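The values are calculated or read from the model by the stated rules, or taken from the named source; none is laboratory data. Values in this document were obtained by computation on a predicted structure and should not be read as measured data. We place every Cβ from the backbone using ideal geometry, glycine too, and count neighbours over all the protein chains shown. What goes into the accessible areas is simple: the full protein's heavy atoms, side chains included, and nothing from ligands, DNA or RNA. Shrake-Rupley method; radii C 1.70, N 1.55, O 1.52, S 1.80 Å.
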Amino acid sequence: PLKVSGSVQDLRQETMMMDLAVESPELTVERLLSLLPAGMMKGAGDVAASGNVSFTMKVAGPFSDDLNPGVNALFTMSGGTIRYKSLTKSITGVALDGVLNIPPAPVGRKNIGELEIRQFTATLGANSLSGKLRVFGFGDPAVKASLKGNVALDEVREYYPLEAGTALAGFVRSDVSVDGKPADPRSIRASGTLKFKNVSYSTPAMARPVKNLNGDVAFNNQLLEMKNVTLEIGRSDLRLDASLKNYLSLASAGEEKTVAKPFLNFALKSKVLNTADISAGDGTAGAGLAAGDNDAGSAGLILPGIDMAGTVDVETLRTEKFTFTNAKGAISMTDGVAKLKDMQLDAFGGVVRTDGMLDLSRPDRRPFDLKLDVKGVESNSMLSPFTTFGKYLFGKLSLSTALKGDLDDTLGIS
């Protein structure tokens, strides 16, 4: 039911003057959705919604073939619920308060009008979401939005359908704001914080699920910072403190870059790091961290398309063929080519120090060129895997040499 009141003047003139008020005092979500074309509702048959809506609209101003009157509408929703019919629980407590304002303007004029959701709230069991949204300049809109949430991830599947076999657990607390034009990612201003507690995530396609993700992430338009971020991938554990500059340029991948390339500074620590856990040698993206869609079968890059520099400190480093301990040093990467500086590790009963290059940019081969300073290693243990005469040698060995070759898919020496 709609109530319409007001007047339309100058009916015989080219331009009429409208002053109408429209309201629906008994509107519900079900009745509101019934007004939408069937095409817009296609695919929404598994969703049921309910709630009370209050709606008033004023249409006023000149109206002709060339002019549209102004529209000002106020709407609220309370007691709302959303439920996927295949699930047992509903998203409840859905409430919003909004306003729509379109000023009188020539027909076809763009970049006018404003839609504002002044407050939005919803509840998923013990979880809460709240936010605000402002869209202005229809045609090429700018968006200003904020979202706060405190979500227990293991309850999400009760309210929203997930891919079969997906496992999700832990807690996420978010406070995020975004301001800009979606059509121009470079105009977007973003800031906020994310806090992770015991988060785990896996799908049937993931060879190595993410487990026990903890830590804080804070970001603004120029910088993304990760503090005390810890996680497990496969049999590996990682602790990361990092800052990522110019990360928004990733949104314009494939376009001509007018901003600086993303750059990551990091300090990485690990008690146990298996190189297979950060590679894609099985053709799948370990924990979703592959080098790229076209790089199946190559060593995975944890952050593809980003140059980086930092330090590593790994207590136990395992490749397919060898296990090393106390691996420390500095590493930088530009366009997928890693440079090692002052790297050292305990191996073969002694200490190996190295500087050099490791190229992970190509899917077909991964060449390396390393200078080695070897002290006090067991000659039989070190040389037997690489030479035919090593098995006949015994005793401590110290030497300085260079080593070139290719790595296999697990970052082991071919």
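When P(r) over Cα pairs in 20 Å bins from 0, in percent is calculated for this entry, the matching label among [x] 23, 51, 25, 1; [y] 18, 41, 28, 12, 1; [z] 19, 42, 25, 11, 3, 0 is [z].
What nm value, rounded to one decimal, do you get for the distance between residue 158 and residue 355 when each label is placed 7 Å out toward the C-beta? So the two model labels end up 5.9 nm from each other.
Cross-link check: pairs 85/148; 58/144; 269/328; 271/328; 195/271 evaluated at a Cα-Cα cut-off of 19 Å; pairs beyond the cut-off: 85/148; 58/144; 195/271.
If the chain between residue 195 and residue 107 were fully stretched, how many nm would it gain, using 0.36 nm times the residue separation less the Cα-Cα distance?
Gain on stretching residue 195 to residue 107: 27.0 nm.
Charge tally around residue 88: other residues with Cβ under 14 Å, Lys/Arg +1 each, Asp/Glu -1 each, net +1.
Students often get this wrong: which residues of the range 364-378 have the backbone nitrogen under 14 Å from the point 7 angstrom along Cα-to-C-beta of residue 398? What the label zone holds, given the 14 Å backbone N cut-off, is 373-378. Here the extension length gained between residue 388 and residue 2 equals 129.9 nm, from 0.36 nm per residue of separation less the Cα-Cα distance. Estimated from the Cβ-Cβ distance and a Förster radius of 56 angstrom, the FRET efficiency linking residue 218 and residue 65 is about 0.60. Here the simple spin-label model places points 7 Å from the Cα toward Cβ, and for residue 174 and residue 143 these points are separated by 1.2 nm. Accessible surface computed residue by residue for the chain, with neighbouring protein chains in place and a 1.4 Å probe, gives 56 Å² per residue. Within the set of other residues whose C-beta is less than 14 Å from the C-beta of residue 76, count the net charge using Lys and Arg as +1 and Asp and Glu as -1. After counting each charged neighbour, the total is -3.
Once both labels are positioned 7 Å from their Cα atoms along Cα-to-Cβ, the gap between residue 369 and residue 20 label points is 7.6 nm. Counting only protein heavy atoms and a probe of 1.4 Å, the accessible surface of the chain is 56% carbon and sulfur. The phi torsions of the range 116-133, fed into the Karplus equation with coefficients 6.51, -1.76 and 1.60 and a -60° offset, translate into couplings of 10, 9, 6, 7, 9, 9, 7, 10, 10, x, 8, 9, 10, 10, 8, x, 9, 8 Hz, rounded to whole numbers, with Gly and Pro shown as x. Each helix, a run of at least 4 DSSP H residues, gives -39500 (n - 2.57); summed and divided by the residues of the chain, these come to -500 deg cm²/dmol at 222 nm.
For residue 54 and residue 335, the FRET efficiency from 1/(1 + (r/R0)^6), where r spans their Cβ atoms and R0 equals 45 Å, is about 0.20. Scoring 110-123, 8-21 by mean Cβ neighbours within 10 Å over their residues and listing the highest first yields 110-123, 8-21.
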